[in-house]
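Notes for the one structure printed next.
Since every read-out is calculated from the coordinates, none of them should be taken as a lab result. On a predicted model such as this, the values are computed, not experimentally measured, just so you know. Virtual Cβ from ideal backbone geometry, glycine too; neighbours counted across all protein chains shown.
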Amino acid sequence: MKRAVIITGPNFQDEEFTYPYYRLLEEGYKVDVATPDKVIVHGKYGVPAKPTKDTKDLRASDYDLVVLPGGFEAPDRLRIRKEVTSFVKEMYEGNKIVAAICHGPWICISAGIMKGKKATGYISIADDIRNAGATYLEEDVVVDGNLITAPHYRNNGDFMKAVIKAMKSKSG
């Protein structure tokens, strides 16, 4: 069984959490939700994210995929947490799938995994992506090795198709 974790915090973009969560369940994945201190957080529109893990307890060996939703406040709060950036870096360096949408790539930037990559994200973080040493592309989804990025929840369909395709190619 494939194992995924969605890491989020307060005021996440509701659609960027719920769509990946249910899509992964639909594909038969075991899906954990990780938040700091394992507290229930709510999206901008009130959707609750009920955690099954504390971000402090994340281990890359437990997962095949990490999804990083946007909604600028949640990724901004998460990117300053060492346990989150270390986990994302370990997942990336372990050739596991790191998928980030909207402002989620901020976490990848702070994890130090963007240099030399092609990526996208919400237009307001294009300069941040470039300044991290990545090539920013205005595309619906960008796949560069085991890093998958998308700019907006309107791209959820393409984003999750790319994630699932990448996961299937890894399992042979």
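Please work out the FRET efficiency for the pair LYS168 and THR52, using the Cβ-Cβ distance as r and a Förster radius of 35 Å; give the result to the nearest 0.05. For R0 = 35 Å, the calculated efficiency reads 0.90.
Assuming a viscosity of 0.890 mPa s and a temperature of 25 °C, what translational diffusion coefficient in µm² per second does Stokes-Einstein assign to the chain, Rh being the Kirkwood radius over Cα pairs? Estimated diffusion coefficient is 161 µm²/s. Only helices enter this figure: runs of n ≥ 4 DSSP H residues, each worth -39500 (n - 2.57), summed and divided by the residues of the chain, yield -10000 deg cm²/dmol at 222 nm to the nearest 500. Considering only alpha-carbon pairs that sit under 8 angstrom and 6 or more positions apart, the relative contact order computed for segment 3-170 is 19 percent. Under the combined filter of DSSP loop state and at most 14 neighbouring Cβ atoms within 10 Å, segment 81-170 retains these GluC sites (Glu not before Pro): GLU138. Label point of MET1 set 7 angstrom out along Cα-Cβ; within segment 61-80, amide nitrogens under 19 Å from it belong to 61-67. Shown is the FRET efficiency for LYS44 and ILE123, computed with R0 = 25 Å from the Cβ-Cβ distance and rounded to the nearest 0.05: 0.90.
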